[in-house]
Amino acid sequence: MILPIVMYGDPGLRQKGVRIEKITPDVKRLIDDMFETMYEAAGVGLAAQQVGQALQLTVLDVRAVKDRPSTLEVDGKPVDVAAFMPLVLINPKITPSGDPVKGPEGCLSFPQVYADVTRPESVEVEATNAAGKTIHFKAGGLLARAVQHEVDHLNGILFIDRMSSEAKAEIKNEIETLQAETRAALKKKSG
Ligand code: ZN
């Protein structure tokens, strides 16, 4: 089922996700719905907060992006990125490393808003997958950026928080309009 995506201005995006202790049928259904929603919106990642669930859960798939490569290592050895997708991260713990890299970023909760964000070039990840198994990997390139962006969502942090004041100034009008529209829609919904 395609879920409505929570837009910027909704306080739900600022909520820190609760740990998932058990992968129940409801959690499995949510994971399926999140993938369906992400693919339909042509995104590479989606966090539970973006579908109104404050949980430590995100889904990713970088396969559709051909012009921005990703790298992946498991146990210190290079692994085929495509074979590792799609990716479910439950209760992820990340350790970013390497030099800061500036790159363009978007977010499904900010339609049509793109800006440069500087993030460490790689990230080590430990998480639980959809089968309840612990996974470890090290990502680089687009996947490293996407993982950091999504794990930020799980902690109520948005990409605008990571932008330089110059980058944020360029999109100021767009995000203020979006925030006002979202708040107006929420007010209408709550009567
Ligand atoms: Zn996002």
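No value in this document is a laboratory result; all are computed from the given coordinates. Since this is a predicted model, take the numbers as computed values, not measurements. No Cβ is skipped: glycine too gets one built from the backbone with ideal geometry, and neighbour counts run over all protein chains shown.
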Semi-axes a, b, c in Å (a largest) for the range 60-125, each sqrt of 5 times a Cα gyration tensor eigenvalue, come to 21, 16, 13
Taking a crude spin-label model, label points 7 Å out from Cα along the C-beta direction, the residue 73 to residue 1 distance in nm is 4.3
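Over 23 Å, how big is the tail of the calculated P(r) for the range 1-98, in percent of all Cα pairs? Let's see the in-between values first.
Details: 1488 of 4753 pairs.
Distances greater than 23 Å cover 31 percent of the Cα pairs.
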Taking max minus min of the Cα coordinates of the chain on each principal axis, largest first, gives extents in Å of 52, 42, 26
For the range 92-144 the trypsin sites (Lys or Arg not before Pro) that pass both the DSSP coil test and the at-most-15 other-Cβ-within-10 Å test are 133
Two pseudo-spin positions, 7 Å from Cα along C-beta at residue 26 and at residue 39, lie apart in nanometres by 2.5
XL table 66/93; 93/138; 22/93; Cα-Cα > 20 Å flagged, in table order, is 66/93
Looking only at lysines whose Cα falls under 28 Å of residue 187's and that sit 8 or more positions away or on another chain, we get 16, 168, 172
1/(1 + (r/R0)^6) with r = Cβ-Cβ of residue 134 and residue 65, R0 = 25 Å, i.e. FRET efficiency to nearest 0.05, evaluates to 0.40
